[in-house]
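Okay, so here's the structure we're looking at.
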Amino acid sequence: MTRGTHHSAKLALVTGANRGIGLETARQLAQLDFTVLLGVRDLAKGEVAARKIGGKVEAIALDVAAHDAAAHAAAEVERRFGRLDVLVNNAAIHYDPSARALKPDWTVIREAFETNVFGAWRVAAAFAPLLRASGNGRLVNVSSEGGSLASMGAGAPAYSTSKATLNALTRILAAELRGSGVLVNSICPGWVATDMGGPGGRPVAQGAAGIVWAATLPDDGPTGGFFRDGKRLPW
Ligand code: NDP
């Protein structure tokens with residue numbers, strides 16, 4: 001059945017995959033026999049992470065906040081594989097719950113948008129041709145209920161507005177990719193015990209499972225939606 005080439009397994013790229021939810025998502029995809037590329041801003045950390053998972057997993061340089069990195073990474077994937085089956089936009093920064101919109105810290109706000117919004121946007125745009133080439137690509141934007149307008153309240157202004165904007169991007173990308181076989185969804189992993197989430201959250205495996213669900217949707221699966229644990233969330 002397998003041809004012994006890279007094309008025998010599905011190919012996934014997870015950004016921010018050297019720790020936390022990204023690393024666990026990569027691990028679960030590898031268990032499903034995906035070849036997995038760990039998009040990392042520090043290649044040395046990425047190589048350690050890839051060894052931790054083992055199997056067909058390797059690190060690729062991809063600082064999503066750097067302007068040309070996504071294009072370079074996409075060119076390398078194009079050259080080596082000619083397609084991408086799953087893209088998980090996971091990298092994010094600046095969960096700022098105690099900050100207040102009325103005391104804006106523009107440095108934090110700009111950095112949050114550069115990574116959480118423009119980063120995901122750059123990566124999606126650079127890899128869209130390769131997702132189209134897959135024939136049944138899946139694009140997962142790792143968002144947060146913190147980006148839900150329906151439940152938005154005081155605090156975390158940089159993070160929440162960046163995730164709300166990421167959700168808008170999900171809607172637009174889903175529409176622009178409709179008919180290409182590429183399904184685009186926003187996923188909230190829930191509150192997860194990582195460096196970002198802090199102690200007390202649920203196990204990282206549970207958070208990653210909802211992302212893997214969206215990464216492995218059947219061809220008639222949803223697109224342009226917002227989910228946690230496979231259940232719809234209000235925008
Ligand atoms: P962590 O802070 O634990 O990990 C973040 C990862 O993103 C790290 O690997 C980090 O790399 C990477 N990263 C940050 N900036 C960049 C960049 N410019 N380029 C490439 N990689 C980058 O976060 P989590 O694992 O908790 O979060 C993963 C996703 O889940 C995020 O999108 C987050 O918003 C979302 N989420 C998390 C929740 C939680 O409770 N944990 C709740 C809701 C959503 P490095 O090691 O180099 O810093």
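Since every read-out is calculated from the coordinates, none of them should be taken as a lab result. Here the structure is a predicted model, which is why all the values come from computation and not from measurement. All Cβ positions, glycine included, derive from the backbone under ideal geometry; neighbour counts span all protein chains shown.
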### Helix 157-176 vs. the chain, principal-axis angle (Cα, 0 to 90°, nearest 10)
40 degrees
### Message
Output the 0 to 90 degree angle, nearest 10, between the alpha-carbon long axis of helix 43-53 and the longest principal axis computed from the alpha carbons of the chain.
### Response
70 degrees
### Task
Working from Cα positions, state the angle (0 to 90°, nearest 10) between the long axis of helix 204-215 and the longest principal axis of the chain.
60 degrees
### Task
Two decimals is fine: what is log10 I(q)/I(0) at q = 0.19, 0.21 Å⁻¹ for segment 1-139, from a Debye sum with one equal scatterer on every Cα and no solvent?
-1.05, -1.24
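Could you list 25, 216, 107 in order of exposure, starting from the residue whose Cβ has the fewest other Cβ atoms within 10 Å?
Details: 25 32, 216 18, 107 10.
Sorted ascending by nearby Cβ count, the order is 107, 216, 25.
Express in nm, to one decimal, how much length is gained between residue 68 and residue 45 on full extension, taking 0.36 nm for each residue of separation and deducting their alpha carbon distance.
Working: separation 23, 0.36 × 23 = 8.28 nm, distance 2.05 nm.
Result: 6.2 nm gained on full extension.
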#### Entry: Euclidean distance between Cα centres, segment 73-93 to segment 163-235, Å
17 Å
### Mean residue ellipticity (222 nm) of the chain, computed from DSSP H runs ≥ 4 via -39,500 (n - 2.57), nearest 500
-12000 deg cm²/dmol
### Query
For residue 61 and residue 31, what does the FRET efficiency come to when R0 = 30 Å and r is the distance between their Cβ atoms, rounded to the nearest 0.05?
0.75
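What net charge is computed for the residues neighbouring residue 224, neighbours being all others with C-beta under 9 Å from the C-beta of residue 224, Lys and Arg scored +1, Asp and Glu -1? Show your work: numbers first, answer last.
Numbers: positive: 171, 178; negative: none.
The answer is +2.
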### Qualifying lysines (Cα of each under 29 Å from Cα of residue 163; at least 8 residues distant if same chain)
10, 45, 103, 231
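Note down the relative contact order for segment 130-178 as a percent, whole number, built from C-alpha pairs under 8 angstrom at least six residues apart. Mind dumping the intermediate values first?
Numbers: 30 pairs, mean separation 15.6, N = 49.
Rounded, it is 32 percent for segment 130-178.
Regarding the chain, what's the average projected area of the Cα-atom convex hull, expressed in nm²? Walk me through the numbers on the way to the answer.
Working: hull surface 49.0 nm².
If you wrap the Cα atoms of the chain in a convex hull and average its projections, you get 12.3 nm².
Determine the dipole magnitude for segment 85-235: charges of +1 sit on the beta-carbon of Lys and Arg, -1 on that of Asp and Glu, nothing else is charged, the reference point is the Cα centre, and the result goes in debye to the nearest 20. The partial results should precede the final answer.
On the way: 13 positive and 11 negative charges, 48 e Å.
Computed charge dipole of segment 85-235: roughly 240 debye.
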